[in-house]
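The values are calculated or read from the model by the stated rules, or taken from the named source; none is laboratory data. Keep in mind the model is a prediction, meaning the values are calculated, not measured. Cβ coordinates were reconstructed from backbone atoms using ideal geometry, including for glycine residues, and neighbour counts include every protein chain displayed. Heads up: the accessible areas ignore ligands, DNA and RNA and are worked out on the full protein's heavy atoms, side chains in. Shrake-Rupley method; radii C 1.70, N 1.55, O 1.52, S 1.80 Å.
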Amino acid sequence: AFLRRNVTVAIEFERNQSAHSAKPTYPFNSLREGLVNAIVHRDYESYSGSVSVSVYPNRIEIWNSGHLSVPPSALRQAKHESILNNPDISNVFYLNGLMERVGRGTYNIARECKEFRMRPPKWENTGSGVRLTFYSAASVVE
């Protein structure tokens, strides 16, 4: 709900048409998947651990107090290792239809961002956790 309230929706009018279409500047499926990944892969052993979502004019950042177990470049590939840091939490999310079994979510994020004509999403290990950055489709100059 927070992301739906804070993501801009672009209204496009077709030339010589009275109809218009509405398109969000970020793919909601990818934002949901990024948030699910942040919750599932977060470091729950750390007392100061958490998940945060930051909305800026040209990007959205999802951060968690975990770490990437594979190189960030591998996350855009259809097949890559997927190491479940919290298998019980992952299983609950899987059984409730909130995530796939393993390893395809990040690929789907990258694919959907490409379909939206966005810059590729960026995963990075920071000193304190993992940050996933989505760049707004509206910020891309064609």
### Query
Does region 90-105 contain at least one residue that is touching a strand residue (DSSP E or B) at 6+ places or on another chain (Cβ under 8 Å), crowded, with 17+ Cβ neighbours inside 10 Å and not charged (D, E, K, R)?
no
### Task
Hey, can you tell me all the residues within region 53-71 that are open to solvent by 20 Å² or more (accessible area, probe 1.4 Å), closer than 18 Å to Gly127 by Cα and within 15 Å of the chain's Cα centre (by Cα)?
Val53, Ser54, Glu61, Trp63, Leu68
### Message
For a quick check of your reading of the model, give me the residue pairs whose first member lies in region 48-68 and is free of Cβ contacts under 8 Å to residues at least 60 places away in the same chain and under 19 Å from Val9 (Cβ atoms), whose second is open to solvent by 40 Å² or more (accessible area, probe 1.4 Å) and not in a loop (DSSP other than H, G, I, E, B), with beta-carbon atoms closer than 7 Å and at least 6 apart or on different chains.
### Response
Val53/Phe2; Val53/Leu35; Val55/Asn6
### Query
Considering region 76-129 alone, what residues qualify as being in contact with a His (Cβ under 8 Å, 6 or more places away or on another chain), free of Cβ contacts under 8 Å to residues at least 40 places away in the same chain and small (Gly, Ala, Ser)?
Gly103
### Task
Being open to solvent by 50 Å² or more (accessible area, probe 1.4 Å) and within 27 Å of Asn6 (Cα to Cα) is the filter here, so list the residues in region 73-89 that pass it.
Arg76
### Query
Do we have Thr25 as touching a Ser or Thr at 6+ places or on another chain (Cβ under 7 Å), open to solvent by less than 30 Å² (accessible area, probe 1.4 Å) and within 26 Å of Val7 (Cα to Cα) here?
yes
#### Entry: Whichever residue in region 32-61 is of a type in the set (A, V, I, L, M, F, W, C) and out of contact with any strand residue (DSSP E or B) (no Cβ under 7 Å at 6 or more places or on another chain) and, among such residues, is nearest to Ile83 (Cα to Cα)
Val40
### Query
In this structure, is Ala38 of a type in the set (A, V, I, L, M, F, W, C), over 26 Å from Leu95 (Cα atoms) and out of contact with any His (no Cβ under 9 Å at 6 or more places or on another chain)?
no
### Query
Glu112 fails exactly one of the following numbered conditions: (1) in contact with a Gly (Cβ under 7 Å, 6 or more places away or on another chain); (2) of a type in the set (Asp, Glu); (3) under 17 Å from Val7 (Cβ atoms). What is the number of that condition?
(1)
